[in-house]
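The values are calculated or read from the model by the stated rules, or taken from the named source; none is laboratory data. These numbers come from a predicted model, not from an experiment. We place every Cβ from the backbone using ideal geometry, glycine too, and count neighbours over all the protein chains shown. With ligands, DNA and RNA removed, areas are computed over all heavy atoms of the protein, side chains included. Shrake-Rupley method; radii C 1.70, N 1.55, O 1.52, S 1.80 Å.
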Amino acid sequence: MSHNPNPFDFVPFVENGPQLKTLEEWMSYGPLRTGRITVQMKALTPVHIVGEQTMNGMNIEESRFYKRSDKYFIPGSSIRGVLRAFIEAACNGWASQLTPFYQEEKKKHTYGFKVVKRDTPDDAKISPFLSDICSIDQKFTVPASAEKGIDLSSFLFGYIPGKQVDKDDFNSAWKSRIIIDDAAFDGSMLSSVTTNDSYRIPDLDNNNSNPDDKDKDPRAFMGGPHPSASSWWYQFPKEIRKNKYGAYKFIGSGFRGRKFYFHQDPVKCISYYKQTPEWQKNSNGIKKLRFFPIECLNQGESVMFDLIFNGIPEELLSLLCFALEPGKNIRHKIGYGKAYGYGSVEFSIEKVEYKSKGFEEANDADIDEIRASIGKQFKAFSGIKTEGFTQFLDKASLDHLSFILWYDSKCGCIFTYPFAGSGGFNVDLNNKDRNDHNHAIVKAAEYAMNSIEMKIPSKNAVTGISPDQGKKMSQHPFLFISKPTLHFEVYQENSIDNCYNTLRKKRIITGHV
């Protein structure tokens, strides 16, 4: 059976690294503005922000919407995270949210790796075989010192120094120039978790896991991130290793980029998980998935919030407005369940008021004039010729963002995780099937390597591989059948009805605005 494209994709890091400027340099882009932007957030699909969760053993029984003192909120911190992630990707900035390393999770199967190449006391916790691998170039991580300047998003949202490596690297934090209020709303706008038509989320059934399966993680959850250096899914091909037992490890180096989720219809997506046999039971006849209800801000409902800005130059204020309204087809995602279609939202600027330096009285800006100015600057944007706020954008990154965050309510594509089972995520095989599967991968890998005239490593040996060789090898039908999730791009490009490639072509040709 053909597979759907995966629900997330990546915006690659750009080789030349972020633009770094001093505080004074960032402040020089036009008159400084202080004021507020009033924004309406409309739920294009149901939105869930996790509040109180009821548990049944290791399973979530139901998930309520976030509230304080009997009032429901979409936290300003969540909105802020959405905007910062978009600006960091669109402007090729630092990656402000990073896990420093991934430990070796299964000593027989998974290699841990560093996310950033730094010599720290944490090295002892990393798999010793791969401690030298640098998955993200250090120029994309927040440094311990701002001596060489900061990136644009740090200027807007604040700078907190990265992990201190040397005692001389210490540097003070800089406060944010943006404050976002919580978006409060009435409980009548929420769905119920007690009715049969409530919104639901699929999850692995941890209460039904096999207690004799030592590799089963009882804390596992559907779509949980488990990056491994022994995969080309999250990373790029680097080498192939053959251990003393004759099994192959496909070692990667370098994250594919920043992860964003596609928009889709949650009803169609959840129905797919419910109706697809491969998602129903494992090899021992135990049910794989369960579906728990979530309390959501209903589709079509709107909430309001204020974004308060302080001392932002006019050109960067235009960039902030662009991030809120990034074009007629591009929409943001927020909250829990993004992989299943939940959390698609549209920001609409309702009012902009600001004070110019030296003037105490606030002026209302003409919103239509702001939009017209942004549209004019963006129309001239080519990645080479830039003016105004577009000089801070990276065209290739914006193309990738546009492709992933393109919202089309009529899109028939369904985006789902690979099947839990042979060759996919959450592999759940008995010992015999597992041995047969591993044997098939060995034969498939050798057949594929022979077909591209690649050297086959002997036991305990390593063979280097280029990204082009890795892609050719993983495209080979014999290997793809055995291990379809080895290579992310190959998996996406081989999705059902050529869905992924069709969408990519359509969305890039159509443009942003």
- [ ] Mind listing just one residue for me: the one in the stretch 48-59 that is in contact (Cβ under 8 Å) with a residue 24 or more places away in the chain, in contact with a Lys or Arg (Cβ under 9 Å, 6 or more places away or on another chain) and part of a strand (DSSP E or B) and, of those, farthest from Lys268 (Cα to Cα)?
- [x] Gly51
Open item on the list: For the stretch 231-283, which positions are of a type in the set (A, V, I, L, M) and open to solvent by less than 40 Å² (accessible area, probe 1.4 Å)?
Closed with: Ile240, Ala247, Ile251, Ile270
Task: Pick from the stretch 375-390, criterion in a helix (DSSP H, G or I) and out of contact with any Asp or Glu (no Cβ under 8 Å at 6 or more places or on another chain), ranking: modelled with the highest pLDDT - done: Thr390
TODO: Exactly one condition in (1) open to solvent by 20 Å² or more (accessible area, probe 1.4 Å); (2) under 22 Å from Ile349 (Cβ atoms); (3) at pLDDT 85 or above is not met by Leu401; state its number.
DONE: (1)
- [ ] Search the stretch 46-69 for residues being open to solvent by less than 10 Å² (accessible area, probe 1.4 Å) and polar (S, T, N, Q), and hand back the single one that is farthest from Cys134 (Cα to Cα).
- [x] Ser63
Open item on the list: Glu346 - would you say it is modelled with pLDDT of 95 or more, under 21 Å from the mean Cα position of the chain (by Cα) and of a type outside the set (Gly, Ala, Ser)?
Closed with: yes
- [ ] Could you pull out the residue among Lys21, Lys71 that is basic (Lys, Arg) and over 19 Å from Met189 (Cα atoms)?
- [x] Lys21
Task: Meets criteria (among the charged types (D, E, K, R), exposed (fewer than 14 other Cβ atoms within 10 Å of the Cβ) and closer than 19 Å to Arg241 by Cβ) for Lys455 - done: yes
- [ ] Go through the residues of the stretch 399-415 one by one and say whether even a single one is outside any loop (DSSP other than H, G, I, E, B) and of a type in the set (Lys, Arg).
- [x] no
Open item on the list: Take the conditions open to solvent by 50 Å² or more (accessible area, probe 1.4 Å) and assigned to a strand (DSSP E or B) and apply them to Glu350. Does it pass?
Closed with: yes
- [ ] Could you grab me the full set of residues in the stretch 70-92 that are assigned to a helix (DSSP H, G or I) and either open to solvent by 10 Å² or more (accessible area, probe 1.4 Å) or within 26 Å of Glu295 (Cβ to Cβ) (or both)?
- [x] Gly76, Ser77, Ser78, Ile79, Arg80, Gly81, Val82, Leu83, Arg84, Ala85, Glu88
Open item on the list: With the requirement that a residue be open to solvent by 10 Å² or more (accessible area, probe 1.4 Å), assigned to a helix (DSSP H, G or I) and either in contact with a helix residue (DSSP H, G or I) (Cβ under 7 Å, 6 or more places away or on another chain) or over 17 Å from Glu350 (Cβ atoms) (or both), what does the stretch 299-334 give you?
Closed with: Glu314, Glu315, Ser318
- [ ] Mind listing whichever residues of the stretch 77-132 are at pLDDT 65 or above and of a type in the set (Ser, Thr, Tyr)?
- [x] Ser77, Ser78, Ser96, Thr99, Tyr102, Tyr111
